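All of the numbers you see were taken from the coordinates with simple rules; none came from a lab. These numbers come from a predicted model, not from an experiment. No Cβ is skipped: glycine too gets one built from the backbone with ideal geometry, and neighbour counts run over all protein chains shown.
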Amino acid sequence: MNMDAADMRMTFFDSPFTSLFSNQWTPKNKGTYAGTCIFLIVLAVAYRLLLVGKQKLEERWLNQAINRRYVVVADRQPESERIEKDPDSKDAVLSANGVEEHVKMVRAKACGAQPWRFSVDLPRAALVTVQVGVGYLLMLSVMTLNVGYFLSVLGGTFLGEVILGRYNQGFADHH
C-alpha cells in the first residue's frame, strides 16, 4: 500500500466501511459495523477491568509483603523495648496449647521497593504487557478517526468506569 501525507485523513468521518486493525477486518454492512463498535466497547471495558485487576493484585502483594515475618539482626535496642514504643503495635492474647500469653502484635511497614520475586514480578509484567497491548489497540481504533469507533471507545471507557470505578480508587495510573 503506497500512502503519502496527502492521503492521510486529518478530520473525523462517519463511514461504516472503515478497516479496524487490518484489511481483513473491514465491516461489509451496518450490522458488521455495529458488531465492530460493540467489540470496541467490550475492549474498553476490559481495559478498565485490567486496571482494576492490577491494582487489586498490587494491594494483595503489598499486604503479603507487609505480613511476612522479618528477623531483626543488628538492633541495639532490645526487641521488647522497641515493640513497647511502637505506636502501631496492638495488645493481644496468644493462646497455644491452653497457655495464654499477653503479647504485642507488630506489623512491618513497607518502605521502598520490595525484593524481586518470581511470584509477583512475572505476573505483574505479564499483566502490564496485556494491559499495554489492549491500550494500544484502543488507541489504534481511535486513530482511524472514525466517529463510531471513537465514540465506542469513549462509551466503553464510561461504562467500565461506571461498573468498576469504585474498585479503582486511589490508583494514579489510570487514563
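Note on Ala34 and Phe118: their simple-model spin labels are 5.1 nm apart, each label 7 Å out from Cα toward Cβ. The C-alpha atoms of the stretch 113-175 occupy a region whose extents along the principal axes are 46, 26, 15 Å, arranged from largest to smallest.
Here the label points at Leu57 and Asp14, each 7 Å from Cα along the C-beta direction, are separated by 4.1 nm in the simple model. Ranked by the mean number of other Cβ atoms within 10 Å of their residues, highest first, the peptides 42-51, 123-132, 136-145 come out as 42-51, 136-145, 123-132.
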